[in-house]
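Structure first, then comments.
Just so it is clear, none of the values below were taken in a lab; they were calculated from the coordinates. Bear in mind that the values here come from a model prediction, so they are computed numbers and not experimental data. Here the Cβ is made from the backbone with ideal geometry for all residues, glycine too, and neighbour counts use every protein chain on show.
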Amino acid sequence: MSNVIVLHNELTLLHHSLELIGHKLIEAHESPDRVRRILQAIKQMDGINLIKVDSSTEGGNGEPEIPSNIHTAEYIEHLRTIFKRFLDAGVVDKDGCVLPECFPHYRLLKPPGSQADAADDPKRDMVPLALPKDPFAHLGYYSFDLSAGMSLDTFTSAIASVQMARRAIDMVLESQARRTIQPIFVLTRPPGHHACEALAGGYCYINNVAVTAEYLLSKLGAIDTTLPSTTSRVAILDLDFHHGNGTQSIFYERREPAYVSIHGEGEYPYYTGSAQECGRGDGEGFNRNFPLLARPHSTRDDYLRLLEAACQVIQEEWKSTYLLVSMGFDTFRKDILGGFELDVNDYRTIGRRVRHVGLPVVTLLEGGYSEELGELVAAFLDGLRLD
Ligand code: OKP
Ligand code: ZN
């Protein structure tokens, strides 16, 4: 039995957003209360070492570098500045939130003289849709849906999250040197797994797990060429109900890190996550999707069988030496955005299985929107520390 380290930064509570449900614009389900519920539930737990990270005292001026192969510099600059532009123009209040207007849909451009189905081929040669001159159109250019509105402190919360996640990597590597490995759970908010190289969406802005994996790989250095070509040192296990399209796309042509996901079949974000998506080029074989139909077409046992298969891939096929978990709790049977059947105690089982992969592990919070979120996280952390 060992302790679990939990990292939290109060700046993650600042971000807030709106979302459109039918004809109603409401406070986003992804709210600061999620983290508050988790803090409330774990505060009376044994074996939890809660560390409050303070950005002003960590890492000098506070802002970690985002690798340009994870997110483009232009995209990061957009996230940093866009709200201020709306604010300065007087079209939003300080405590408001801005949403995109118009998306650069790939079917907007139709090659001259082509048939309709050629226009539908996303791989066809075409002039890319350029960044609009009008800054108020930038939000649409850099988003893929309406679920990634920006508020005054969205960027601050997102940056605080990656900063904690990088800190977790430093801690894991240090503790490994001391041979006292403890699992780490990072209270990242907003989540990250839907964010692509230059696209926000699905409550995500900066892909926390992608930046973390890249940081870890930079610490590990060049790959040992004597390692079998089927191996990947860093594995990302994505257990959120929704497919992590962003993480998949960022690493799709890379062997390291390798990505494996279990998620609702045919669910949001709808266009990605099929079992046929296996990676390309150097990345071939290092992307694995395990889609599972939502209830009533699947059971808890179906889910746990896929969890076993995913862990087997990491251990037996990739023979990974580090594990990053994109952990969503929207697989819970009562979650408003999920459709699986998992119960509270299943999160203890998941935590224990993750521990039994036997690797140094950093878990990042992705989704989870039920009232019971705190309880679910507590059960997961409990499983993570069991032998
Ligand atoms: C983020 B994560 C209601 C639909 C909301 C966005 C779902 C994002 C899930 N307007 N769609 O993977 O938990
Ligand atoms: Zn989710």
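List of remarks:
- Of all residues in the stretch 238-265 being under 25 Å from LEU342 (Cβ atoms) and among the charged types (D, E, K, R), the one that is nearest to ligand 2 (Cβ to nearest atom): ASP240
- Test set (1) within 16 Å of ligand 1 (Cβ to nearest atom); (2) touching a residue at least 24 places away in the same chain (Cβ under 8 Å); (3) closer than 16 Å to VAL377 by Cβ - LEU7 fails condition number: (1)
- ARG85 being more than 22 Å from GLU372 (Cα to Cα) and either among the charged types (D, E, K, R) or surrounded by 15 or more Cβ atoms within 10 Å (Cβ to Cβ) (or both): yes
- Test for GLY90: is it away from ligand 2 (no atom under 16 Å from the Cβ), small (Gly, Ala, Ser) and surrounded by fewer than 16 Cβ atoms within 10 Å (Cβ to Cβ): yes
- Of all residues in the stretch 303-335, those satisfying the criterion of being touching a residue at least 24 places away in the same chain (Cβ under 8 Å), away from ligand 2 (no atom under 16 Å from the Cβ) and of a type in the set (S, T, N, Q) are GLN315, SER320, THR321.
- Residue satisfying all of: in the stretch 336-379; of a type outside the set (A, V, I, L, M, F, W, C) and within 13 Å of ligand 2 (Cβ to nearest atom); surrounded by the most Cβ atoms within 10 Å (Cβ to Cβ) among these: GLU366
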